[in-house]
Amino acid sequence: MSGLNEDRALADLRKLAMFGKVGRGVNRPALSDADIAGREWLCDRMRECGLEAGIDGVGTVYGRAPGAKATVLLGSHSDSVPMGGWLDGALGVIFALEVARARQARHPSGAVGIDVISFSDEEGTFLACLGSRAFCGLVSNDELASARSSSGEYLVERLDALGLAQRERTEFDPTRHRAYLEAHVEQGPKLIEAGVDIGVVTGIVGLRRFRVRFQGQADHAGTTPMAMRRDAAAAMYAFAVLVPEWLRTASSSDSVWNLGVVSVKPGAANVVASEVELVVEFRDVSQATMAQMEAAFAMLVAERNEIGGVSVHAEPIGAVEPTVMDDGLVTHLEAAAVAEGASRLRLQSGAGHDAMIVGRRAPAGMLFVPSIGGRSHDVTENTSEEDIRRGLRVYDRAVSSILESLDLAGPRVP
Ligand SMILES: [Zn+2]
């Protein structure tokens, strides 16, 4: 018996959802009062089961197994998007807590153990994946100093106001943290549509983001003949229609893209648009596919430049590399699903996660449970209780088998 207590975990999930509760969802942006109260509550739960717990210098909660020399790091994030779902992040944190709690009860000071983490600001209120990036040493002091919320508040000011700024930051320790395993709601419809219980994540997509500038000339929209216009908006609309056509030729069946931001200047019905900005992003799990899409996009920009007297330039404004999940952990997760009699599907994650960051330092794995209707980043997000319970059992089994395979002398999971 592992000592796993599903009812206790469900009760804790519901308790965590009380912090910033809005309907079924939560409004718990990173470092808000509700977020910090939830994190203090988490620290208390971790201490109760014997972990050494605290909130660090960026707001990450870390619970350390005392006495352990080698650990599996378990967790996710407990901040939410504004008006977000009750399970996004929280599910992974409570699964981690419950599995660690069950282990602590049996092996309170084993040489091999479980550390639990709830990373700060995964959702990017100030800086996306702040906690996991800080943990992995992948954030610069300049980025920290300039990070601001949409309301204009600086991250460093907020940390200072909370009394966290002077605290140390939890750091990844390669001799201690041998693997990272994160459970999460799928946030998409693949599992629920396929009627499958468990998603085993093979990789997390990378993304490329470009700001495309169309420069034309402002003119009177009533008096300027059509043939004489240098209409930046018309150029952008024609371009936007072509983006999917060009990307599709270079993409995989899982690639996705979005044209989510447009700004038109001067932005008046009676003035021909002089300047337009369009933000385009695309995502895929394969580095090679992303490079092909990038090349196709650059060719489209070159082809449309100077048509109708409008110049077109694309500037890269964001790039995240895809992360491949560790093969050994994928195998542990699949074996755990089989042992629980759960159906399973290998899939890639179209959303970013802390595992994407930690995966650059340590072997990382992710388990998904189905999201009802594929809904997420909204208060309506939900997962059936049956799926939550099954997901917890599979996760617990996988962690047990990983712990059994941990070699104190070796650096990696076999
Ligand atoms: Zn999340």
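The values are calculated or read from the model by the stated rules, or taken from the named source; none is laboratory data. This one's a predicted model, so the numbers in the text were calculated from it and none came from an experiment. Counting neighbours? That spans all protein chains shown, and the Cβs are built from the backbone with ideal geometry, glycine included.
Observations on the structure shown:
- Look at segment 78-94: where a residue is under 14 Å from Thr125 (Cβ atoms) and part of a loop (DSSP other than H, G, I, E, B) and a partner is of a type in the set (A, V, I, L, M, F, W, C) and near the ligand (Cβ under 9 Å from one of its atoms), sitting 6+ places away or on another chain with Cβ atoms under 7 Å, you get Ser78/Ala90; Asp88/Val185.
- Any chance Gly38 is among the small types (Gly, Ala, Ser), touching a Gly at 6+ places or on another chain (Cβ under 8 Å), touching a residue at least 24 places away in the same chain (Cβ under 8 Å) and buried (at least 22 other Cβ atoms within 10 Å of the Cβ): yes
- Consider segment 174-197 and keep the residues that are β-branched (Val, Ile, Thr) and over 30 Å from Ala68 (Cα atoms). The one that is nearest to the chain's Cα centre (by Cα) is Ile192.
- Within segment 145-168, being within 25 Å of Ala90 (Cβ to Cβ) and surrounded by 15 or more Cβ atoms within 10 Å (Cβ to Cβ) holds for Ala147, Ser149, Glu153, Leu155, Arg158, Leu159, Leu162, Leu164, Arg167.
- Segment 56-81: number of residues that are more than 14 Å from the ligand (Cβ to nearest atom), surrounded by fewer than 24 Cβ atoms within 10 Å (Cβ to Cβ) and under 15 Å from Ile36 (Cα atoms): 2
- Every test in (1) assigned to a loop (DSSP other than H, G, I, E, B); (2) modelled with pLDDT of 95 or more is passed by His377 save one, and that test is (2).
- Filter result for Val358 (without any contact (Cβ under 8 Å) to a residue 40 or more places away in the chain and farther than 14 Å from Ile192 by Cβ): no
- Gly131 vs. criteria surrounded by 21 or more Cβ atoms within 10 Å (Cβ to Cβ), away from the ligand (no atom under 16 Å from the Cβ) and under 21 Å from Pro174 (Cβ atoms): no
- Among the candidates Leu42, Leu10, Leu31, residue that is closer than 24 Å to Glu340 by Cβ and either assigned to a helix (DSSP H, G or I) or under 21 Å from the mean Cα position of the chain (by Cα) (or both): Leu10
- Residues in segment 165-190 that are of a type outside the set (S, T, N, Q), within 16 Å of the ligand (Cβ to nearest atom) and under 22 Å from Ala398 (Cα atoms): Tyr180, Leu181, Glu182, Ala183, His184, Val185, Glu186.
- Considering Ala288, Ala319, Ala273, the condition of being among the aliphatic types (A, V, I, L, M), outside any helix (DSSP H, G or I) and within 30 Å of Ala179 (Cα to Cα) is satisfied by Ala319 alone.
Okay, residues lined up against (1) modelled with pLDDT of 95 or more; (2) under 30 Å from Gly137 (Cα atoms); (3) of a type in the set (Asp, Glu); (4) within 16 Å of the ligand (Cβ to nearest atom):
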residue	(1), (2), (3), (4)
Gly308	yes, no, no, no
Ala314	yes, no, no, no
Gly350	no, yes, no, yes
Val369	yes, yes, no, yes
Thr383	yes, no, no, yes
Val399	yes, yes, no, no
Ile402	yes, yes, no, no
